[in-house]
1. Taking the criterion of being within 16 Å of ligand 2 (Cβ to nearest atom) and open to solvent by 70 Å² or more (accessible area, probe 1.4 Å), would at least one residue in region 144-158 satisfy it?
2. Just need a number here: residues in region 105-123 that are assigned to a helix (DSSP H, G or I) and either without any contact (Cβ under 8 Å) to a residue 24 or more places away in the chain or within 12 Å of ligand 1 (Cβ to nearest atom) (or both).
3. Somewhere in region 69-80, is a residue closer than 16 Å to R38 by Cα, among the aromatic types (F, W, Y), open to solvent by less than 90 Å² (accessible area, probe 1.4 Å) and touching a helix residue (DSSP H, G or I) at 6+ places or on another chain (Cβ under 6 Å)?
4. With respect to E85, is the statement that it is among the acidic types (D, E), under 24 Å from W122 (Cα atoms) and open to solvent by 20 Å² or more (accessible area, probe 1.4 Å) true?
5. The conditions are (1) closer than 22 Å to T121 by Cα; (2) in contact with a Pro (Cβ under 8 Å, 6 or more places away or on another chain), and Y80 fails exactly one of them. Which is it?
Amino acid sequence: MAEKSFADALNEQIANEFGASQQYVGAAVYYDVETLPRLAAFFYRQALEEREHAMIMIRYLLDTDEEVHIPDIKSQETSYADGSEPVRMALEQEKRVSDEIFSLFELAREIKDYRAEQFLTWFVKEQVEEVALMNDLLNVVERSKENLLLAEEYIARESLGEGSSDPTAPPAAGD
Ligand SMILES: [Fe+2]
Ligand SMILES: [Fe+2]
């Protein structure tokens, strides 16, 4: 039998998603200070997406009649050694979240919680996209190391990370 209930594990993930949101606001602020508005906008958008992930998880706990815990706010970095560091940090973060989602998925399987497993499938797909997106952005910022304005142009030209909202996403609290 699993040690943790699925609701406890999902509450922990809600904290991770809000944490990621705050971390991305920190990255956005860094680029804003550096007058790199496209990189800043990219991370402000990602921050909203992470908040949305937390709200989707909150909705799920509400719908399944479980307790919801709203986590404390931890301070986040707003200064970095160079312009590619926030993206490297973001890629690491997305890989870590993928592992966290896989652990939740494993737990759902172990306790035969079929609705939890079904709920998580969207996040499995979402993480494939988020890791790929950060990989792309890291390639671009590393190639533009001497001149991040090239990365700015790329983000604008390709509308990187600007996809319209996903109609297959599960409902979020407050929607
Ligand atoms: Fe997320
Ligand atoms: Fe993410």
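1. Initially, region 144-158 is screened for residues within 16 Å of ligand 2 (Cβ to nearest atom), giving none.
No: region 144-158 contains no residue that is within 16 Å of ligand 2 (Cβ to nearest atom) and open to solvent by 70 Å² or more (accessible area, probe 1.4 Å).
2. 10
3. The initial filter retains those residues of region 69-80 that are closer than 16 Å to R38 by Cα, namely none.
No, the conditions are met nowhere in region 69-80.
4. no
5. Checking Y80 against (1) closer than 22 Å to T121 by Cα; (2) in contact with a Pro (Cβ under 8 Å, 6 or more places away or on another chain), the one that fails is (1).
The values are calculated or read from the model by the stated rules, or taken from the named source; none is laboratory data. Please read all numbers here as calculations on a predicted model, not as lab measurements. Using ideal geometry, Cβ is built from the backbone for each residue, glycine included, and neighbour counts are taken over all protein chains shown. These area figures cover heavy atoms from the full protein model, side chains too; ligands, DNA and RNA do not enter into them. Shrake-Rupley method; radii C 1.70, N 1.55, O 1.52, S 1.80 Å.
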